[in-house]
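Heads up: the structure comes next, in structure tokens.
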Amino acid sequence: MSNKQHLSGVQAGQTYWNDWKRRNLRHWSDQEDSLNDSKWVSVYDSQTEKYHKAFEVFLKHTDQKVNAKKRLDQLVKQIPNRRVLIDAGAGNGQVTSWYSGKFEETKFNQTLAIEPNASLRDELRLTCPSCEVLPQKILEAKPKVLGDLILCSHVFYYIERDEWLANLQKLVSWLSDEGLLVVILQNHETDCMQMIAHFFGEGYNLSELKEKFDSQSSNDYQSDIELVEAHVTTEDFATAYVIAEFMLNLIPIPEPSPLRRELEQYVRKEFRYLDGGYRFSCHQDFLLIRKV
Ligand SMILES: C[S@@+](CC[C@H](N)C(=O)[O-])C[C@H]1O[C@@H](n2cnc3c(N)ncnc32)[C@H](O)[C@@H]1O
């Protein structure tokens, strides 16, 4: 029996993760505890390979998706017809795959996944082979069917603020009569958003978008906001740093980007957790919109 076969599931998972870190975190850091070798925080946008990699690190260290799924499952069961799912900004397809496919109670017969990042689209096609993939951004996409569930999860960060309302109205225009639109974004008071506010003096607020939408949409729609809690938890500093940097990149980082040293200090000071690991909140606002 090989050494690998002797490992428990937890050990094997840890070994896999250590290997993965060695292969992938080198992009950001060659050392576990000191990241001083580069002066500036890395800057990348949501259409790059680097973004894709950082997103994977985040996904491995958060309960954000598990917690989102619990609430989404309840919402999906309340939708009377589960014919079409439209996932706008589907990313790697993890969330899409929860509701894509036939026969099960929480699955939709047909899935359209809108995803402009080519690298993420490759993964999306593997995760959801039966999806129809539209390679445009929301404003350019033209789905030919209406959605009984339209999901737009953690996408609005990458949309210019003055285009938020137009994007929301576009999503709403794809709703079937008894359909539900769910727009998910981090709550503006989370540790991650406070960090963004600390470095750049601004954050995101879905409640403001809801108010704007309500004021312009007569009484044809009902909109509500719910809070779903979530955290990032890491055992080591290098991983916490990569995720903090990913969070900073939610906004277009102005030049010059913050000093790496400043972000390191912030992470050590604000996110250090009792046992020497790191923990910070990334609670999510769910904006729910239905026709009335
Ligand atoms: C943080 S990921 C979220 C992926 C997935 N929805 C989830 O919750 O895990 C954001 C995704 O939005 C996509 N995106 C960015 N701008 C977009 C736009 N204007 N329209 C549609 N998708 C966009 C990015 O390519 C990326 O895949």
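Structure above, values below:
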item: Residue tally, condition farther than 14 Å from V228 by Cβ and more than 11 Å from the ligand (Cβ to nearest atom), over the stretch 57-85; result: 13
item: Residue selected from the stretch 44-54 under the condition buried (at least 17 other Cβ atoms within 10 Å of the Cβ) and over 15 Å from Y241 (Cβ atoms), by the criterion nearest to the ligand (Cβ to nearest atom); result: S46
item: Out of S153, S97, S119, sole residue that is of a type in the set (S, T, Y), surrounded by fewer than 23 Cβ atoms within 10 Å (Cβ to Cβ) and touching a residue at least 40 places away in the same chain (Cβ under 8 Å); result: S119
item: Conditions (1) over 26 Å from V76 (Cβ atoms); (2) at pLDDT 95 or above; (3) not in a helix (DSSP H, G or I): number failed by L149; result: (1)
item: Tally of residues being buried (at least 16 other Cβ atoms within 10 Å of the Cβ) and either without any contact (Cβ under 8 Å) to a residue 60 or more places away in the chain or aliphatic (A, V, I, L, M) (or both) across the stretch 206-216; result: 2
item: Conditions (1) under 20 Å from N109 (Cα atoms); (2) within 13 Å of the ligand (Cβ to nearest atom); number of the one not met by V183; result: (1)
item: Meets criteria (closer than 23 Å to F55 by Cα, away from the ligand (no atom under 11 Å from the Cβ) and either surrounded by 23 or more Cβ atoms within 10 Å (Cβ to Cβ) or not charged (D, E, K, R) (or both)) for I138; result: no
item: Test: residue in the stretch 257-264 that is hydrophobic (A, V, I, L, M, F, W, C), outside any loop (DSSP other than H, G, I, E, B) and under 27 Å from D73 (Cα atoms); result: no
item: Leading residue by the ranking (surrounded by the most Cβ atoms within 10 Å (Cβ to Cβ)) among those in the stretch 156-175 that are within 13 Å of the ligand (Cβ to nearest atom) and closer than 17 Å to F286 by Cβ; result: L168
item: Of all residues making up the stretch 95-135, the number that are part of a loop (DSSP other than H, G, I, E, B) and within 9 Å of the ligand (Cβ to nearest atom); result: 3
item: Single match in D224, D191 (criterion: in contact with a strand residue (DSSP E or B) (Cβ under 7 Å, 6 or more places away or on another chain), within 20 Å of A68 (Cα to Cα), loosely packed, with under 15 Cβ neighbours inside 10 Å and modelled with pLDDT of 95 or more); result: D224
item: Residue within the stretch 175-198 that is without any contact (Cβ under 8 Å) to a residue 60 or more places away in the chain, in contact with a helix residue (DSSP H, G or I) (Cβ under 7 Å, 6 or more places away or on another chain), of a type outside the set (S, T, N, Q) and farther than 27 Å from P143 by Cα present; result: yes
item: Total residues in the stretch 181-208, condition polar (S, T, N, Q) and assigned to a helix (DSSP H, G or I); result: 2
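The rows are residues; the columns are (1) of a type in the set (D, E, K, R); (2) away from the ligand (no atom under 16 Å from the Cβ); (3) assigned to a strand (DSSP E or B); (4) over 27 Å from V76 (Cβ atoms).
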| site | (1), (2), (3), (4) |
| --- | --- |
| S215 | no, yes, no, yes |
| Q222 | no, yes, yes, no |
| L227 | no, yes, yes, no |
| A244 | no, no, no, yes |
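The values are calculated or read from the model by the stated rules, or taken from the named source; none is laboratory data. What you are looking at is a predicted structure, and each value in this text was computed from that prediction instead of being measured. Please note: Cβ atoms are built from the backbone with ideal geometry, for glycine as well, and neighbour counts cover all protein chains shown.
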